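Quick notes on the structure that follows.
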Amino acid sequence: PWVRLSGNAGSKLLTSCRPKHSCGTGAALWSNSTMPSAIGVAKSFTAQGSYNNCNDYPRQVSVMRCSSAPSDFVYRYDDSSYLCYIGFCGMD
């Protein structure tokens, strides 16, 4: 399923590493990949989990822009091997 970050979670995926146990998860996912500019077009990229270092638990994820609003994105895991202690982490 696609996930939209909102409220206290922020509105888009982190673009830099956070300490372990940030955002209510063991390894918070982040990526400095360029987000898509076209509306409705999914882009795959590798997000990193930050736990012992900033590049733990790489995960293939997708992002899609939903409108022309600056932070209107949805995200999803591209593989079925996600782990309970890894999670999307947002920012404004």
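The values are calculated or read from the model by the stated rules, or taken from the named source; none is laboratory data. Not measured: the values here are computed from a predicted model. Neighbour counts run over all protein chains shown; Cβ positions are idealised from the backbone, glycine included. For the accessible areas, the whole protein counts, side chains as well, though only heavy atoms, and no ligand, DNA or RNA atoms are used. Shrake-Rupley method; radii C 1.70, N 1.55, O 1.52, S 1.80 Å.
Summary table
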| read-out | value |
| --- | --- |
| Nitroxide proxy distance, nm - points 7 Å out along Cα→Cβ at S16 and L83 | 2.5 |
| About the Cα centre, charge dipole magnitude for the chain (Lys/Arg +1, Asp/Glu -1 at Cβ), debye | 60 |
| Solvent accessible area, Å² - C84, 1.4 Å probe, full protein context | 140 |
| The stretch 20-79, accessible area per residue, ligands and nucleic acids excluded (1.4 Å, Å²) | 49 |
| Estimated translational D of the stretch 38-92 in µm²/s (Stokes, Kirkwood radius over Cα pairs; 4 °C; 1.567 mPa s) | 105 |
| Under 5 Å, built H, 5+ apart or other chain: amide partners of C89 | L14, L29 |
| Rough spin-label spacing in nm, given labels placed 7 Å along Cα→Cβ, for S68 and D92 | 2.4 |
| Highest-fluctuation residue, S68, S50, S11 considered, GNM on the chain with Cα pairs under 10 Å | S68 |
| Percent breakdown of C-alpha pair distances by 5 Å bin, ordered from the shortest bin, for the chain | 3, 16, 26, 27, 18, 7, 2, 0 |
| R59 accessible area, 1.4 Å probe, all protein chains in place, Å² to nearest 10 | 30 |
